[in-house]
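Note sheet for the following structure.
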Amino acid sequence: MPMQQVNLGTPPSAVDGDSARTAFTRINDNFKALDAMGVSGPVAGDRAIQDCNLALAPGVWLATSGTASNRPPGLTYVVLRVSTTDYGAILQEAVDIIYGDQAVRTFNPNNNAWGHWISSSSQGGKTLPGGGNIGGRGIDTQKLHSGFYGYYQGPGEPGGALSVLETLWHADPQWSTQLAMGVSTNELFYRSISKNSTVPPAFARVYTSQNILGAVSGVAAGGIIESGSNANGNYTKFADGTLICTGECVLPAAPLNAEAAVNPVFAATFAQAPKVMINPVFSAGTGSQADTGLVNMNGTYMAIFTGYMALRSWTYRYATGAGVVFHYTATGRWR
């Protein structure tokens, strides 16, 4: 209710002013309004509440039970200082009376809604500014303002402990961006998120010299390149599904009109039969090129499978006295 002003009339006679009864009625109404807000007399020391949303009138309020609802994230034993305007806006300033953390928020009378708590802590060793450590409840469920936050094992998160910088888009605060760093993993993640979303989007991993090489999985949790070697040769897997295998084999010597055969196994298994390029290099043991040329003149043929190839040559023109070393490259898909 707006303040009731007493009409004092025109001086010096004031004959056109309020009567005594009317004037005191206005004064009484003003005191009733103050009394309804709890500020008509000394503020009681036990002005305790269990819901911070109920601290609407100016003054100091105590939400120090440790379980009060709607208190700032990260603050437990909260003392509130409330200020109001004549058009219904409310400012709450909160302090954790034990740990000293601070936060503020406002009530918007235009949409009849409380804003997010914004941390204003600045002590050494505190998470600044933001909601402090919000363990287990997740980044998405908090609907927080811009700031720094700490999280642990929340929904939609890569896992483990994260330090997160959240920035609300000023043109539409329903959207924000999050940059997260693993506390102990030295990894970096990012995503954009809508406060209206019920299902959190997945984080995208930032690839650096720390994680660009690793086991690939086709999803954000894996590396983008995997390479290795074994007794069968070398392989390289790419996150898009490409697989390249290299190796060598020896096509054994064979008398005239006989089959020379070898079945080299690939260093990794393909999802489908790959394309293979093969090239004779030198004669095994001697390094001579003579038998290499003889094999070329006899010709080679092969059958290709997902895990190996069958290399053959028929000595219908020339016998070979030594095995011939072949190098090969197989290209295909691992998924």
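The values are calculated or read from the model by the stated rules, or taken from the named source; none is laboratory data. Given the structure is predicted, the values throughout are model-derived calculations rather than measurements. Backbone-built Cβ (ideal geometry, glycine too); neighbour counts: all protein chains shown.
Details
- Test: residue in the stretch 54-70 that is on the phi < 0 side of the Ramachandran plot, at pLDDT below 80 and within 32 Å of the chain's Cα centre (by Cα): no
- The residue that is modelled with the lowest pLDDT, among those in the stretch 115-128 that are surrounded by 13 or more Cβ atoms within 10 Å (Cβ to Cβ) and not in a strand (DSSP E or B), is L128.
- All positions within the stretch 232-277 that are under 17 Å from T329 (Cβ atoms) and charged (D, E, K, R): K237, E248, K275
This table checks each residue for (1) part of a strand (DSSP E or B); (2) acidic (D, E); (3) closer than 20 Å to S313 by Cβ.
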site: T236; (1), (2), (3): yes, no, no
site: D240; (1), (2), (3): no, yes, no
site: T246; (1), (2), (3): yes, no, no
site: C249; (1), (2), (3): yes, no, yes
site: A253; (1), (2), (3): no, no, yes
site: N257; (1), (2), (3): no, no, yes
site: A261; (1), (2), (3): yes, no, yes
site: A268; (1), (2), (3): no, no, no
site: A271; (1), (2), (3): no, no, no
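- Subset of the stretch 311-335 that is among the basic types (K, R) and either touching a helix residue (DSSP H, G or I) at 6+ places or on another chain (Cβ under 9 Å) or at pLDDT below 95 (or both) - its residue that is surrounded by the fewest Cβ atoms within 10 Å (Cβ to Cβ): R317
- Picking from residues in the stretch 153-185 that are of a type in the set (A, V, I, L, M, F, W, C) and closer than 15 Å to N196 by Cα, the one that is modelled with the highest pLDDT is W175.
- Screening A254 against (1) at pLDDT below 95; (2) closer than 15 Å to T306 by Cα; (3) surrounded by 17 or more Cβ atoms within 10 Å (Cβ to Cβ); (4) not β-branched (V, I, T) leaves a single unmet condition, (2).
- Qualifying residue in the stretch 287-310 (condition: closer than 30 Å to I212 by Cα, among the aliphatic types (A, V, I, L, M) and surrounded by 15 or more Cβ atoms within 10 Å (Cβ to Cβ)): no
- Taking the stretch 224-252 as the range and being of a type in the set (G, A, S) and in contact with a strand residue (DSSP E or B) (Cβ under 7 Å, 6 or more places away or on another chain) as the test, the residues that pass are S227, G228, G233, A239, G241, G247.
- Meets criteria (touching a Ser or Thr at 6+ places or on another chain (Cβ under 8 Å) and within 30 Å of Y207 (Cα to Cα)) for S283: no
- A search for C-beta distances below 6 Å between a residue of the stretch 1-30 that is more than 26 Å from T85 (Cβ to Cβ) and any residue that is of a type in the set (D, E) and at pLDDT 80 or above, counting only pairs 6+ apart in sequence or on different chains, returns G9/D16; T10/D16.
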